[in-house]
Amino acid sequence: EYILLPPQVLASDALVIYQGAQVDFAYDGPVLWHELGHGIIHSTSDWSTLVTIDARSANNESSALHEGISDLIAAMVGQDPIVGAYVGPRIDPQQSNIRNVDNQERCPDVLWGESHEDSLHFTGAVWEARAQFLGTDQGATFDAALYAAIVAFPPNVNFGSAAQIITATIARAFPGMADARTRMETAFDG
């Protein structure tokens with residue numbers, strides 16, 4: 001099937017939320033925030049979707065980061081790690097949500113070539129670290145620092161470089177916390 005979009009959608013930035021026979025995605029706030037996250041990344045960052053190829057595989061870490069950071073934006077806006085609690089069970093009655101950024105996924109176990117799923121270890125690490133930096137502002141300083149890191153990502157960002165940039169930015173955002181860098185490194189190394 002083809003989806004027909006009005007010409008004005010194709011000529012500009014747009015957030016298109018579909019209605020299906022089973023579910024209206026616009027009813028799920030975190031799904032909307034996730035999609036808005038893609039717009040934020042696209043509008044303010046300079047990274048590209050790059051596939052790296054080696055002797056054994058093709059890897060699209062930048063797309064996984066795009067999905068993961070969009071999930072993190074949704075979780076931070078709603079102060080809830082669950083993305084798609086409304087949509088998930090309507091797509092598949094066996095699911096309670098689409099994704100959960102509060103997870104224990106590990107790399108490379110979680111990598112299987114689908115960008116949403118490939119992001120889970122990254123989102124789990126950032127969400128775990130965020131819990132250590134909540135403070136009295138409920139994460140606002142951490143969230144602002146994460147956004148500053150995202151804006152600083154290079155066009156060829158990957159999991160390793162993203163972790164380094166986020167770690168350095170969080171350490172600068174929390175100068176009074178002597179072990180801020182170590183906390184971030186520990187979360188990413190896990």
Those helices (runs of 4 or more DSSP H) lying entirely in segment 21-99 with at least 2 residues open to solvent by 60 Å² or more (accessible area, probe 1.4 Å) and over 24 Å from VAL151 (Cβ atoms): 87-91
Which listed residue is among the aliphatic types (A, V, I, L, M), under 21 Å from GLU61 (Cα atoms) and open to solvent by 30 Å² or more (accessible area, probe 1.4 Å), from VAL151, VAL157, VAL110: VAL151
Residue satisfying condition, being acidic (Asp, Glu) and at pLDDT below 95, within set ASP109, ASP179: ASP109
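The values are calculated or read from the model by the stated rules, or taken from the named source; none is laboratory data. Owing to the predicted nature of the structure, the values given are computational and were not obtained by experimental measurement. Virtual Cβ from ideal backbone geometry, glycine too; neighbours counted across all protein chains shown. Surface accessibility is based on the protein's heavy atoms, side chains included, excluding ligands, DNA and RNA. Shrake-Rupley method; radii C 1.70, N 1.55, O 1.52, S 1.80 Å.
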